[in-house]
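Have a look at the structure below, then the notes.
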Amino acid sequence: MINLETPKKFDLLINQAHQVSTEIFRPISRKYDRVSSAEPGGPIKELDTLAALIDGMNSGGEGGTGARGVRRDSKGEEPGNRNGTNMSSVLSVMEACWGDVALVLSMPRQGLGDAAIASVASDEQLERFGGLWASMAITEPSFGSDSSAVSTTAVRDGDHYVLNGEKIFVTSGSRSNAVVVWATVDKSRGRGAIKSFVVEKGTPGMEVERLEHKLGIKASDTATIRFTDCRVPAENMLGSSEIEDAGDATGFAGAMQTFDNTRPLVAGMAVGCARAALDEMEDLLGQAGVEVDYDRPAYVQTGAAAQYLQMEADWEAAYLLTLESTWMADNRQPNSLQASMAKAKAGRVGVEITTRCVELAGSLGYSEHSLLEKWARDSKILDIFEGTQQIQQLIVARRLLGKSSGELK
Ligand SMILES: Cc1cc2nc3c(=O)[nH]c(=O)nc-3n(C[C@H](O)[C@H](O)[C@H](O)COP(=O)(O)OP(=O)(O)OC[C@H]3O[C@@H](n4cnc5c(N)ncnc54)[C@H](O)[C@@H]3O)c2cc1C
């Protein structure tokens, strides 16, 4: 029997994340939306204290996000129905993004690079890189969606690799203290030669060149980073150093596997942000005397209530797909299809719900009297990074039709 209740053992974690949202994130949400991270005054001091608190909480139990949150280590575990660190991460991220997506993205040690380290690092590397705050640098000026087109090079020189290239749109690339950089060790060998490297800040040859001004998630810094003859210890390469055959591409698949863990997290962010808009909207409808009745068909209710019910249904579908893909990760089931379905659905309905709430609330929604307009801006990125809406649909289509990336582009 399917049990759709959230596991009781995570109640405390969810409550704590909710408290952080209401008492820390929401009160500073508008302030850091105005002080763009691309300007002086951007770095968010309040979050350093909070991060230390979360570190303390994580060290005592199973909960947590970032590097600890997405490990798929099966040693010594009985197979069965498991709700582990993927589930606790996604549930807490949803709750925290109910507070503020941009602030969650700016949290020390909770970067997508940490998730990458957790998914593909060896035990020794996981130990060595524990405590780092790692961003993820895949995108380059010459490509975004087609991550097999990586042109940043990594050339072996003794016990180092020498990195050269430019990475753009690196989330937290300025504030984090490490970056997981995707680079090719041999461009002529195609996607199988793409590897990821943990490059710590302060490594000579690595330079943050500029920060972007953006539509939303303004509190989160988005950096351009240049690598010029940047020497990285060979043991900082994540996964196997073997170059796989183009047809096999296990190495690249290993790097891509990161997405199976991070896409449910990003879907969870969209679900959390959309929930914030729905809760605010329900309050506003209540104040306007509009009652939403979940037990009666939408067509016998007011137009506003009917629209609200439709949004709730879409939200529920996104929420359940997100939990399904997360549960599969915890139970070590292949979840690429479900992770992309969750990301596609949650990314799209996140944008639709937040924008529709702005519309339903009228001038109040468009103004800065509430955070509705901010959530509409913030949610858009969740349908773009970690694979756009169209790319997720492409992946789903390939999986369902049994087509390769060469057969269906
Ligand atoms: C605020 C922000 C933060 C980011 N953070 C990071 C980060 O931390 N690390 C990182 O590496 N990158 C990051 N990115 C980059 C992000 O992942 C890319 O923007 C995204 O992958 C899309 O790439 P692109 O912008 O080059 O668009 P393109 O790939 O040029 O796509 C343009 C449009 O065409 C569509 N499209 C592309 N290919 C296909 C296809 N085959 N079929 C159908 N439609 C297609 C896309 O869906 C999109 O709508 C960030 C971007 C932003 C804006």
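FYI, it's all coordinate maths here, none of it is from the lab. This is a predicted model, so every value here is computed, not measured. Note that we place each Cβ from the backbone using ideal geometry, even for glycine, and neighbour counts take in every protein chain shown.
Laid out as a table, the results:
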read-out	value
Magnitude of the charge dipole, the chain, Cβ model with Lys/Arg +1 and Asp/Glu -1, debye to 20	620 debye
Rounded to the nearest 20 debye, dipole of segment 252-401 from Cβ charges on Lys, Arg, Asp, Glu	820 debye
Selection from Gly286, Pro204, Thr326, by position along the positive dipole direction of the chain (Cβ)	Pro204
Top positive-direction residue, dipole computed over the chain with Cβ charges, set Ala344, Ala193, Leu309	Ala193
Relative contact order of the chain, pairs being alpha-carbon contacts under 8 Å that are 6 or more residues apart, as %	16 percent
Exposure proxy ranking, count of Cβ atoms within 10 Å, fewest first, for Val101, Val199	Val199, Val101
Members of Lys218/Lys345; Lys167/Lys374; Lys9/Lys374; Lys218/Lys380; Lys218/Lys374; Lys345/Lys380 lying beyond 21 Å, as alpha-carbon distances in this model show	Lys218/Lys345; Lys167/Lys374; Lys9/Lys374
Sites Lys187 and Asp279 - FRET efficiency at Förster radius 51 Å, r taken between beta-carbons, to 0.05	0.55
Label-point separation, Gln389 to Asp11 (7 Å along Cα→Cβ), nm	3.8 nm
Mean-position separation - Cα centroids, segment 120-136 and segment 168-205, in angstrom	14 Å
Gained length - Ala149 relative to Leu126, 0.36 nm times residue gap less alpha-carbon distance	5.5 nm
Cleavage-rule hits (GluC sites (Glu not before Pro)) in segment 360-393: DSSP loop, at most 14 neighbouring Cβ within 10 angstrom	Glu368
Choice from Cys357, Cys97, Cys230 with maximal GNM fluctuation in the chain (Cα, 10 Å cutoff)	Cys230
Simple Cβ-charge dipole of segment 134-238, Lys/Arg +1 and Asp/Glu -1, about Cα centre, in debye nearest 20	220 debye
Relative exposure of Tyr299, Tyr319, Tyr366, judged by other C-beta atoms within 10 Å (fewest first)	Tyr299, Tyr366, Tyr319
For the chain: rounded, prolate or oblate by the Cα gyration tensor [a/c cutoff 1.5]	prolate
